[in-house]
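The values are calculated or read from the model by the stated rules, or taken from the named source; none is laboratory data. All values reported here derive from a predicted model rather than from experimental measurement. Positions of Cβ are generated from backbone atoms using ideal geometry, with glycine treated the same way; all protein chains shown enter the neighbour counts. With ligands, DNA and RNA removed, areas are computed over all heavy atoms of the protein, side chains included. Shrake-Rupley method; radii C 1.70, N 1.55, O 1.52, S 1.80 Å.
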Amino acid sequence: MRRAVQQTTRDLRRHNRAALLSRLYVQGPTSRQDLTRASGLSSATVSNVVSDLINDGVVAEAGLVGSDGGRPRTLIQVRGEFGHVVGVDIGETHVQIGLFDYTLQTLATATYSVAATRLEPEPVVRLVLAGVEEVVSAVGVETGALLGVGVGVPGAVQTGELVHAPTLGWSAVPLADMLRKELRVPVYLDNCARTLGQAEMWHGAGRGSRRAIVALLGVGVGAAVATASESFTGSFTGSFADMTSTTSTTSEWGHTVINVHGRPCRCGSRGCLEAYVGAEAILGDYLALPDAVPFEAGHTEARLAELVARAADGGSAAEVLDTVAEHLGIGIANLINLLSPDLVVLSGWAGQTLGPAILPAVREAVRRHALSYMYGQVRIEPGRFGQEAVALGAATLPVVQVLASGGVRAA
């Protein structure tokens, strides 16, 4: 009986730590009084938990804020210095590794082109390991001291371990185990669109959204649908899962058909959205024009940036981007009509490159193709994380694990 009571007490303490820490992480600096009101916990419990978190170096006091008719309140915030996490973006054009502090501030990045590299698991693992070594060395962090490494992959992850990524030619690749053997730190895998959606909902364009669609544009095209819990957008129930997770699912949006007799897609179908708005498809459409000028750059990402720069002067490049905007608008309108989101975020490296040039035309295309009452309730915005967006999204995976533990590092 005594052991059972002790176990229950430990579980309750851990739950309270996780819930309050998660609230602080997602919402930002908050006073003890606000935590008490929002959580439903007693002021003594909140005070004790916050004191423990401060003593453990997880959170810190962050100045005062005025109070109506009362004494100033002390704000509490999560310490970025509490630890470091690594996020890895495994894509079809590059492998990018980012080092972030615990609040996901970027400290260092390393990017390796895979244009001349076979996308077999072993060479990719070697690139990841080299990148981790590069970023931790740049900041002076020991690899063994990392809170964890998160990896975003363009495919499905089975039981958190095995990667099925048809675009890479991978089937049941034990990527997590391959990396753990070398890194000796916790490694977590998930679909890159889903992790990016989580990052956008926490700290990016999706903050405060009820239901957001995060469109990931690159060589391939995908989307994550992130639905925030009630406590994420407003009231606080004290549940860790509610505070740190959205209900997030991924979709093969790029392989929805927008032209039944359209061009062939690499998936084997015809007329897929990806065949019109994927990066290589866009570049191919431009180079097929009789007045196209060969690109100076040698790889896909730089060529797309070159195309966008040429489009600023009009001509064929601008016409190609207009067509891309129309097709992308049709694809987004289909998502809006199906899922009724209040936000669509254009993200991914190609989304970041194309966004400034095509976003107004995309919005206009969506307006014409979506149901009017649904279009009236949705915003279409660029992502906020730049070229390291997917790596940052992957870094949320170890962050979630530490939040779930109430700020206790994995053994």
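Here are a few things to note about the model shown:
- Test: Ala279 is in contact (Cβ under 8 Å) with a residue 60 or more places away in the chain, out of contact with any Lys or Arg (no Cβ under 7 Å at 6 or more places or on another chain) and either open to solvent by less than 40 Å² (accessible area, probe 1.4 Å) or closer than 21 Å to Leu216 by Cβ (or both): yes
- Failed item in (1) under 28 Å from Leu175 (Cα atoms); (2) modelled with pLDDT under 95, with Thr30 passing the rest: (1)
- When Val390, Val345 are screened for being within 23 Å of Ala145 (Cα to Cα) and touching a residue at least 60 places away in the same chain (Cβ under 8 Å), only Val390 passes.
- All positions within segment 317-343 that are in contact with a Lys or Arg (Cβ under 7 Å, 6 or more places away or on another chain) and either under 21 Å from Gly91 (Cβ atoms) or open to solvent by less than 10 Å² (accessible area, probe 1.4 Å) (or both): Ala317, Pro341, Leu343
- Against the list (1) buried (at least 18 other Cβ atoms within 10 Å of the Cβ); (2) at negative phi, the condition Gly348 fails is (2).
Yes or no, residue by residue, for (1) in a loop (DSSP other than H, G, I, E, B); (2) in contact (Cβ under 8 Å) with a residue 24 or more places away in the chain:
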position: Lys181; (1), (2): no, no
position: Asp190; (1), (2): no, yes
position: Thr195; (1), (2): no, yes
position: Ala199; (1), (2): no, yes
position: Gly208; (1), (2): yes, yes
position: Ile213; (1), (2): no, yes
position: Leu216; (1), (2): no, yes
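- Residue within segment 352-375 that is open to solvent by less than 20 Å² (accessible area, probe 1.4 Å), within 21 Å of Cys192 (Cβ to Cβ) and within 22 Å of the chain's Cα centre (by Cα) present: yes
- Candidate set: segment 186-206, residues that are open to solvent by less than 10 Å² (accessible area, probe 1.4 Å) and touching a helix residue (DSSP H, G or I) at 6+ places or on another chain (Cβ under 7 Å); chosen: the one farthest from Val132 (Cα to Cα): Gly206
- Some residue of segment 352-360 being touching a Leu at 6+ places or on another chain (Cβ under 8 Å), touching a residue at least 12 places away in the same chain (Cβ under 8 Å), aliphatic (A, V, I, L, M) and not in a helix (DSSP H, G or I): no
- Qualifying residue in segment 85-97 (condition: without any contact (Cβ under 8 Å) to a residue 40 or more places away in the chain and of a type in the set (Asp, Glu)): no
- Sole residue being on the phi < 0 side of the Ramachandran plot and touching a Cys at 6+ places or on another chain (Cβ under 7 Å), chosen from Asp52, Asp89, Asp56: Asp89
Conditions tested, residue by residue: (1) open to solvent by less than 40 Å² (accessible area, probe 1.4 Å); (2) modelled with pLDDT of 95 or more; (3) not hydrophobic (A, V, I, L, M, F, W, C).
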position: Gly208; (1), (2), (3): no, no, yes
position: Ala224; (1), (2), (3): yes, no, no
position: Ala241; (1), (2), (3): no, no, no
position: Thr246; (1), (2), (3): yes, no, yes
position: Gly271; (1), (2), (3): yes, yes, yes
position: Ala275; (1), (2), (3): yes, yes, no
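- Which numbered condition Leu304 fails, given (1) modelled with pLDDT of 95 or more; (2) touching a Lys or Arg at 6+ places or on another chain (Cβ under 9 Å): (2)
- Residues that are open to solvent by 20 Å² or more (accessible area, probe 1.4 Å), aliphatic (A, V, I, L, M) and touching a residue at least 40 places away in the same chain (Cβ under 8 Å), drawn from segment 169-179: Met178
- Enumeration of residues in segment 22-73 that are loosely packed, with under 13 Cβ neighbours inside 10 Å and over 27 Å from Arg10 (Cβ atoms): Gly63, Leu64, Gly66, Ser67, Asp68, Gly69, Gly70, Arg71, Pro72
- For segment 123-142, a residue qualifies if it is open to solvent by 30 Å² or more (accessible area, probe 1.4 Å) and either in contact with a Gly (Cβ under 6 Å, 6 or more places away or on another chain) or part of a helix (DSSP H, G or I) (or both), and the qualifying residues are Arg126, Leu127, Leu129, Ala130, Glu133, Glu134, Ser137, Ala138, Val139.
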